[in-house]
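Presented below is the structure to which this report refers.
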Amino acid sequence: MSHDTLVFVAKTFGPIWMMGFFLIVAIRAYNPKRRAEQERIARSILPEQRAEDRQ
C-alpha cells in the first residue's frame, strides 16, 4: 500500500468509525433505562450529608 492509499483510507473510514462510536456513547448515555444507575454513580462521589448538617 502506498502512503496516498493509507491516507485515503484513514480520511474516509476514520470519521465514519468515530461517528459510530459517538452514536453508541450518546445512545447509552441518554438511555432512560440507565437513569437510576447514572444518578447513583453521579451522587457516589459526593460526601454523605447527615440531617443535622443540612440545617
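Taking region 1-43 as the range and being part of a helix (DSSP H, G or I), within 18 Å of the chain's Cα centre (by Cα) and polar (S, T, N, Q) as the test, only Gln38 passes.
Against the criterion of being surrounded by 10 or more Cβ atoms within 10 Å (Cβ to Cβ) and either in contact with a helix residue (DSSP H, G or I) (Cβ under 9 Å, 6 or more places away or on another chain) or modelled with pLDDT under 95 (or both), Gln38 qualifies. The listed residues are Asp4, Asp53, and the only one of them that is at pLDDT 90 or above and acidic (Asp, Glu) turns out to be Asp4.
The values are calculated or read from the model by the stated rules, or taken from the named source; none is laboratory data. Just so it is clear, the model here is predicted, and its values are computed rather than measured. Here Cβ is always computed from backbone atoms with ideal geometry, including for glycine, and neighbour counts include all displayed protein chains.
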